[in-house]
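Asker: Okay, here's the structure, questions in a sec.
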Amino acid sequence: MSGACARSISGAFALLAVCYVAFALSPSIGYAAVALAIANGGGSILWTSGSTLLQRLVPDAVRGRVAAAEIGGFMLTLSAQHGRGPACSSTAAFPRAH
């Protein structure tokens, strides 16, 4: 099973890379939306496969703690990014000339 998870993780990373490049090169908003939708599907595959692999590798006695640490790390990262707000936006990094 871990070989299948590792392959799906590699495939999901490749899917994300291809879709983000397709998004960047999209000629219209419709193509961009499709590229992002597929990329989000790849992100879901990546998260699910990574969590499955982690749960399979961790001993039963600490499985819940490891799952909590994984989700806690995600929430910590998400909240840290949220606090940065407009400082990370493209308009703050590259202000427009008025």
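The values are calculated or read from the model by the stated rules, or taken from the named source; none is laboratory data. Keep in mind that what you see is a predicted model, and the values were worked out from it rather than measured. Here the Cβ positions follow ideal geometry from the backbone for every residue, glycine too, while neighbour counts run over all protein chains shown.
Asker: Being surrounded by 14 or more Cβ atoms within 10 Å (Cβ to Cβ), polar (S, T, N, Q) and either at pLDDT 90 or above or over 21 Å from ILE71 (Cα atoms) (or both) is the filter here, so list the residues in the stretch 5-48 that pass it.
Answerer: Passing the criteria: only SER26.
Asker: Can you find, within the stretch 1-45, the residue that is nearest to ARG56 (Cα to Cα) among those that are in a helix (DSSP H, G or I) and among the hydroxyl-bearing types (Ser, Thr, Tyr)?
Answerer: Top of the filtered list is SER2.
Asker: OK, next. Is it true that VAL34 is over 21 Å from PHE74 (Cβ atoms), free of Cβ contacts under 8 Å to residues at least 24 places away in the same chain, aliphatic (A, V, I, L, M) and touching a Gly at 6+ places or on another chain (Cβ under 9 Å)?
Answerer: Taking the combined requirement at face value, the residue does not satisfy it.
Asker: Within the stretch 50-60, is there a residue that is among the β-branched types (Val, Ile, Thr), surrounded by 12 or more Cβ atoms within 10 Å (Cβ to Cβ), at pLDDT 90 or above and not in a helix (DSSP H, G or I)? Walk me through how you get there before you give the answer.
Answerer: If we filter the stretch 50-60 for residues that are among the β-branched types (Val, Ile, Thr), which is where we start, we get 52, 58.
Within this subset, residues satisfying the condition of being surrounded by 12 or more Cβ atoms within 10 Å (Cβ to Cβ) are 52, 58.
Next cut, at pLDDT 90 or above only: 58.
From what's left, not in a helix (DSSP H, G or I): 58.
Yes; the residues of the stretch 50-60 include at least one that is among the β-branched types (Val, Ile, Thr), surrounded by 12 or more Cβ atoms within 10 Å (Cβ to Cβ), at pLDDT 90 or above and not in a helix (DSSP H, G or I).
Asker: Can you find a residue in the stretch 74-95 that is of a type outside the set (D, E, K, R) and at pLDDT 90 or above?
Answerer: No, because not a single residue in the stretch 74-95 is of a type outside the set (D, E, K, R) and at pLDDT 90 or above.
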